[in-house]
Protein chains: 4
Amino acid sequence: MSTPSTPTHRKTRADAERNRARVLKAARRLFHEHGDAVQMPEVARAAGVGVGTVYRHFPSRQALIAAVADQRFGEIAEYARTTCLHEPGRGLLLYLRHVGEVLAADQRLSAVIEATLGATAPQGEARAQLEEAVSSLIARDQAAGAIRADLTVGDVYMLVGGLSATIRVGSGDWRRFIELACDGLRSRGPR
Amino acid sequence: MSTPSTPTHRKTRADAERNRARVLKAARRLFHEHGDAVQMPEVARAAGVGVGTVYRHFPSRQALIAAVADQRFGEIAEYARTTCLHEPGRGLLLYLRHVGEVLAADQRLSAVIEATLGATAPQGEARAQLEEAVSSLIARDQAAGAIRADLTVGDVYMLVGGLSATIRVGSGDWRRFIELACDGLRSRGPR
Amino acid sequence: MSTPSTPTHRKTRADAERNRARVLKAARRLFHEHGDAVQMPEVARAAGVGVGTVYRHFPSRQALIAAVADQRFGEIAEYARTTCLHEPGRGLLLYLRHVGEVLAADQRLSAVIEATLGATAPQGEARAQLEEAVSSLIARDQAAGAIRADLTVGDVYMLVGGLSATIRVGSGDWRRFIELACDGLRSRGPR
Amino acid sequence: MSTPSTPTHRKTRADAERNRARVLKAARRLFHEHGDAVQMPEVARAAGVGVGTVYRHFPSRQALIAAVADQRFGEIAEYARTTCLHEPGRGLLLYLRHVGEVLAADQRLSAVIEATLGATAPQGEARAQLEEAVSSLIARDQAAGAIRADLTVGDVYMLVGGLSATIRVGSGDWRRFIELACDGLRSRGPR
DNA sequence: AATGAATGAGGGTTCATTCAT
DNA sequence: AATGAATGAACCCTCATTCAT
């Protein structure tokens, strides 16, 4: 009757989408604050919906956590695209630092992700985004002669996994981890 | 009623010690085989004792797992002492490889340790041993000019943590992780 | 506000009727295939309507199942009327066999009916039809001297209930059940 | 300390056995009174034990119900052995009547059994006992010329299933069911 | 010192039904 | 009349730990 392209349907769907977002947001906050102790009904309450709604959008606790993880990785990819990419020669470094900062601000959530998914790596939609972003970063830095020519996206994944673990368990200063990763353990020959 | 001298007592203590060892061995095997699914009564059964006995020796599941972890680290320290130490210039490298091999052969156990203790690092008795061994390794390699002068035991801990995570979650080829850790990401200038 | 004549109205009613039929058909198929595991939303999906529509026509799951059951009994009554009735002296036997065949082809649905309604007997509209049909059958067979004079519709109901259970749980060969029901357990005297 | 042949162990085991019996008894009473509404924690409470204990003895709700069903069948078998067997010529009839009475006194429990196990027939240990008892009954009655020569245990099973359903759903007078089962539907010729 | 039966809080998930649109 | 997202009570089962024997 009014907006041609917006049938009555849309309204409902928009609400549903908003609920999904609310749940995700609530879950993220709760996991950040209370870690693994968070239960599904709590998430529902915090989001202002029933448990059923949580389960409608995320078929299992694991799926919810995966979605949270993916969201976080999406944001990191966004950062890689918008910021790191414009700093050839040190894009990868900036990327690693950003990851470090984000993870360090969210250790409990990381622990939940690790405990639930077995890994902290992106596994859903975000994976492709991230892969592409990091790929570009590497190419640009290599073009600038800043990083070794044989470095692959897989390598960076692996290192980020290590970085993530370092932060999560607090086994050391993560900035030092990045430093070592960049320069290596070996003593450099003169010059 | 009571046996005159100490024999009975001794006998008992020896039995207790043997039980402790049995439980530890059974636990290690079970965690290796079935990961986190292993329950305390199962451990008891496999060890041929009652649950109560398991709890007598290890006050909690966590304690049992810590003991298993420590045992493994003790063995690694032993290897560092007896083998790596005799290869100045590449002792640390050998150490890292050995750790990689041991962990790679035992991913499920590592996952249990991580899930339970929050880290894969030694926390009990083995910690001191390991610290000392690694310390020596570093010193010797540094003396040989093989590794950077500012490397500390803490750094190695941290890297081993990263290596451990890499192996546990299978996020990449752990030999490559070691390679990168040694040489760094940066491209090396000519010469 | 109101459509002048009846067309629009008719159209709507016809649609509604068609929806009811669709739902019923979908439900019958699904219960036949998946038994009690079928959920209301699944029925809706299979029928190509929303859950709300299912509930408009059948106020509860139980009501839906009752409707399915009644439909089936209506068909059986139809068979009694059109076929069995023309075979005086063995009409009841034919009837029992037909019931057996129908139920045997639909054990899962029968289980659902039993679990939901507490019985497999018709309870709605079909009851009257069936009662009348069976009544005629009995009368005709009795007239032919084929069955005992004191047999009532209630008796047949009861036996069909037993037959139904026999088939549903597979506790034996239902044809034998019918045979025993006809001839009894007692040994017949000479002649 | 006291009874020579009763080591400390026995005491514990006896207690466990008593608990098992208590749970069974409580379950039977509750199912009798409240049918399917009974939950595991309620059974535990009524038995004066924790849920865990219930689950130790009966690994699932279904197992508990199966045990209750078997117990009841065991009692029926006992009756067959001690009473029916001494009435050649009418043993089977007495048996059917007894089954009818027992089931009629316990419709709710029967409904639970049916809903849970899919059938009301004995499936565990009681099955063998019952089979043997009924077998003897049949043989003796046949020897007395009271029942048809081709009657098998399976036939009786099947009829008891039908009888059970009749009683459970109240689809008619179960005594009449027995009467019909014995005499058959067919009219008997003169003499 | 050893045993193992008992405990019981805890938690993820399902699904019939409602109701705003 | 139709839609389908939302609801939330209900429920079974697990398993680390305790403690009477």
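The values are calculated or read from the model by the stated rules, or taken from the named source; none is laboratory data. The structure displayed is predicted, hence computed values, not measured ones. Cβ sites come from the backbone with ideal geometry, for glycine too, and all protein chains shown count toward neighbours. To get the accessible areas, we keep the full protein, side chains included, count just its heavy atoms, and leave off ligands, DNA and RNA. Shrake-Rupley method; radii C 1.70, N 1.55, O 1.52, S 1.80 Å.
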**Request:** Tell me, yes or no, whether region A:147-161 has at least one residue that is at the interface with chain B (Cβ under 7 Å from one of its Cβ atoms) and touching a residue at least 60 places away in the same chain (Cβ under 8 Å).
**Result:** yes
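Quick grid of which residues meet (1) more than 20 Å from A:SER110 (Cα to Cα); (2) modelled with pLDDT under 90; (3) open to solvent by less than 30 Å² (accessible area, probe 1.4 Å):
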| position | (1), (2), (3) |
| --- | --- |
| B:HIS98 | yes, no, no |
| B:ASP106 | yes, no, yes |
| B:ILE113 | no, no, yes |
| B:SER136 | yes, no, no |
| B:ARG140 | yes, no, no |
**Boolean, B:ALA165 is open to solvent by less than 40 Å² (accessible area, probe 1.4 Å) and either more than 7 Å from chain A (Cβ to nearest Cβ) or under 15 Å from B:GLY100 (Cβ atoms) (or both)** = yes
**Complete:** A careful count of residues in region B:119-140 that are outside any loop (DSSP other than H, G, I, E, B) and among the polar types (S, T, N, Q) gives 3
**Message:** I'd like the full set of residues that are within 15 Å of DNA strand E (Cβ to nearest atom) and open to solvent by 60 Å² or more (accessible area, probe 1.4 Å), limited to region B:28-40.
**Reply:** B:ASP36, B:GLN39
**Asked** Among the candidates B:VAL51, B:VAL68, which residue alone is more than 13 Å from DNA strand E (Cβ to nearest atom) and of a type in the set (Val, Ile, Thr)?
**Response** B:VAL68
**Item:** Top-ranked residue in region A:169-183 [being open to solvent by less than 30 Å² (accessible area, probe 1.4 Å) and out of contact with any strand residue (DSSP E or B) (no Cβ under 8 Å at 6 or more places or on another chain); ranked as nearest to B:GLY162 (Cα to Cα)]
**Value:** A:PHE177
